[in-house]
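The values are calculated or read from the model by the stated rules, or taken from the named source; none is laboratory data. All values derive from a computational prediction rather than experimental measurement. We place every Cβ from the backbone using ideal geometry, glycine too, and count neighbours over all the protein chains shown. The protein model used for the area step is the full one, side chains on, heavy atoms only, and it has no ligands, DNA or RNA in it. Shrake-Rupley method; radii C 1.70, N 1.55, O 1.52, S 1.80 Å.
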Amino acid sequence: MSEPRVDLSRYRNALSRRHQAVRLLWTLVWGALARPLPRSAGSGWKRLLLRLFGAKVAGTAVVYSSARVYWPPHLEMGEHSCLASEADCYNVAPVFIGAHTTISQGAYLCTASHDVSDPLSRLITAPIRIEDQAWVAAGAFIGMGVTVGQGAVVGARAAVFRDVEPWTIVGGNPAKLLKKRIIKA
């Protein structure tokens, strides 16, 4: 079977030149003014930088210096939320991180992909929502369009492609229900 011929002259980047320029500026600013700081030091300064570029970040949120945020205007973080070291927030579409929620080290929040049925593999996006009191553990992957419910836990290295019900614990690839989360008083 022969491969379909694709007219690449029809391809256009879905992100404007202005968007690309602002993103480059953001990358340079974060790289020069935040990444050199100790991992959790300077939280107020890092929140200010994110806000200057359009993020909505609560005054008690913590963003580690080595965390990566692709597009600050698409980031919202609630009170006492955390984006830990080496967490990658690829937020081409909006990402909401609720109050008292932790995104652990090395987690990957991915709001974009490419349409594999399109011969030009155009960009597709969908937001991610991680509700209050949730925990996305180390190295977990959260795919586009996913909602992690209130109080849910996504286990280390899990790959999540569907919504996670509130107060559940999921793990594996693809992530599956492991058990209900019960808080002991």
Subset tally (residues that are part of a helix (DSSP H, G or I), more than 28 Å from His80 (Cα to Cα) and among the polar types (S, T, N, Q)) for the range 13-42: 1
Reported set for the range 27-64 where residues are of a type in the set (Gly, Ala, Ser), surrounded by fewer than 19 Cβ atoms within 10 Å (Cβ to Cβ) and in contact (Cβ under 8 Å) with a residue 24 or more places away in the chain is Ser40, Ala41, Ala58
Hey, could you check the range 70-101 for residues that are in contact (Cβ under 8 Å) with a residue 40 or more places away in the chain and in contact with an Asp or Glu (Cβ under 9 Å, 6 or more places away or on another chain) and say which is farthest from His19 (Cα to Cα)? Ala99
Looking across the range 148-185 at residues that are at pLDDT below 95 and of a type outside the set (Val, Ile, Thr), the single one that is farthest from the chain's Cα centre (by Cα) is Ala185
Which of (1) over 25 Å from His114 (Cα atoms); (2) open to solvent by 60 Å² or more (accessible area, probe 1.4 Å) does Arg162 not meet, given it meets every other one? (1)
Among strands (runs of 3 or more DSSP E) completely within the range 72-185, the ones holding 3 or more residues that are of a type outside the set (Ser, Thr, Tyr) and on the phi < 0 side of the Ramachandran plot are 75-77, 95-97, 128-130, 168-171, 176-180
Matching residues in the range 113-137 (among the hydrophobic types (A, V, I, L, M, F, W, C) and surrounded by fewer than 17 Cβ atoms within 10 Å (Cβ to Cβ)) number 4
